[in-house]
1. Sort Thr392, Thr328 by accessible area with a 1.4 Å probe, largest first.
2. Suppose the chain between Ala64 and Ala276 were pulled fully straight at 0.36 nm per residue; how much longer would it get relative to their current alpha carbon spacing?
3. Just the number please: accessible area per residue for the stretch 103-218, 1.4 Å probe, all protein chains included, in Å².
4. Probe 1.4 Å, all protein chains in place: accessible area of Lys439 in Å², nearest 10?
5. If I compute solvent accessible area with a 1.4 Å probe over the protein chains, what percent of it on the stretch 337-468 is carbon and sulfur?
6. In angstroms, what radius of gyration and Dmax does the stretch 240-352 have, counting Cα atoms only?
7. Based on C-alpha coordinates, I'd like the Rg and Dmax of the stretch 146-278, in Å.
8. For Thr346, what accessible surface area do you get with a 1.4 Å probe? Give it in Å², rounded to 10.
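The values are calculated or read from the model by the stated rules, or taken from the named source; none is laboratory data. If you're wondering where the values come from, they're calculated on a predicted model, not measured in any experiment. Calculation scope for accessible area: heavy atoms of the full protein, side chains included, ligands and nucleic acids excluded. Shrake-Rupley method; radii C 1.70, N 1.55, O 1.52, S 1.80 Å.
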Amino acid sequence: MLNRRDLLKAAAIGGPAVLFPWDRAPGGVRASSLALPAAPAALAAPARSEAKRSAARIVPFEHAMPLPPVLSPVSRTDSSDLYQLRMAETRAEIVKGLLTTVRTYGGCFPGPTIRAVRGREVVVQQTNDLSVHTSVHLHGGYVPSRYDGLPMDLVKPGETREYRYPNDQVAASLWYHDHAHELEAENVYRGLAGAYLLSDPHESGLPLPNGEFDIPLLIRDARIESDGRLIYTDPYQCPHMLVNGKERPYFQVAARKYRLRVFNVSPNRHISLRLAGGEPFTQIASDGGLLAEPVEVHELTLTGAERAEIVVDFARYPVGGSVVLENTAALETERAEVLRFDITRTAEDRSQIPAVLATLPPIPKATVHREFELTTFPDARINGRKYDPNRTDVRTTAGTSEIWTIHNYLTRRPAGVFHAPHSFHTHLVRFRVLDRDGKPVGPAEAGLKDTVTVNPGETVRIAMTWGDYPGEYVYHCHHMVHSSHGQMGRIDVLPAASEDRGKESDDAFADSHPASGASAAGTGRRRWRGRRRHRLHHHAGRRRNRGRRNWWRG
């Protein structure tokens, strides 16, 4: 039997390894998580014979694209709405004619949409009827720590946990998904994800397409076998592309403008979307809400967990015609089609795209600077360390403004493409992307964000101000196989009166492995000691920071 050392030795000879989850055996034990992109027979996964695998046929546009149902509250008060959901398995027709077992919120694949309003609390009682642990995280939510869905705050089988979301932030397309440590990638892959659409008076007052012309598109990959099984495997073996739970569907639209909320809910894949004819469309929002002004784009690239809102005007196509949304990041072995829009009718259109969408807050002056290196090979780490829930990696204080410099240490692209970029995400805050390799980002990426792409060899800087909720949070790569393997760190946010403002834990700079591991990660004790100089002027800006503590909430 091959051990981890054998696999690493093979990687050193044959090139960088690719992290991916092989299919779990019936008992739930994973055979391995490291393999070469094109492993020789001696390194093939022994858990299940590849010869017995046969992916379900791919015939695009057999399904009509459904819209996830909007969840109704079970009760209301003057200030909050109460929802109840059960996490359970069900069977869904993803590929035409086949039934597939999936994990769901409320029996829906993907989960039902929750529509929330700024300033009105949402309370969700989540009951786990699955046989695995779960933890529910509202991605992009400004939420107290005890309701954040931390990786170790588990909802065990048979238990119910209540989550409270204050919705004290600007309108945005958020989503909720599983976050149980070492299980999140598989739980999300098997279906535990849903849209959470937050509105506010400003956004609702804009003349953007709304109602039936405001459409969420939850896009992800999958591997469905010819017998209907959903196989949890690496993205290189996931030829099926799902939109709202259906394989490459079609969607009937009117010849008018539509607002499309695009979510990349793939655990481990990035996508690049364009209209097959090359026509432009208009981006109006990113992860954290509306952009300052609309931006005309021809292609939209989203890494895992990123969202964007676009407006497409189907009036430029004839009634009876069609246009295909395709993925230019598809492998050469995959079909590029994602979704076909069929223009079936005319409709009145009074919607407009305003020249000014929102007033973004100014970027605050940072009093703390931190640096993070993301390494993938031989395993996933941040600053040379794997996630330890008992170790504080970053200690900060409510109201502190910080700049984080994030570097993707991978300089040699592996045989595949999906694990080369990182998808960096911080809980609790929305940030602003300042620059990539020293060059300012374009207007489509200059709005409020909670997830950012960091390409191989690239350095990205982001700016944030920590809000009013003290407690424990995390930051991590949102290619979920990376976070599942430990590419994650713990943040402790202290109350504003704390004297430990902006200090990192000394543990965050210690070596976790002998020199061989430190060399692979490009880190070591001496290197990280040098970076402790970035604990800058924590107390000098305290009074000034309090005045702009909530700049990013809008």
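1. Details: Thr392 15, Thr328 60 Å².
Correct descending sequence by accessible area is Thr328, Thr392.
2. Residue separation times 0.36 nm, minus the Cα-Cα distance, leaves 74.4 nm.
3. On a per-residue basis, the stretch 103-218 sits at 29 Å².
4. Accessible area of Lys439: about 150 Å².
5. Reported share for carbon and sulfur atoms: 49 percent.
6. In order Rg, Dmax, the Cα atoms of the stretch 240-352 give 14.0, 43 Å.
7. Cα-based Rg and Dmax for the stretch 146-278 come out at 17.4, 50 Å.
8. Using a 1.4 Å probe on the heavy atoms, I get roughly 110 Å².
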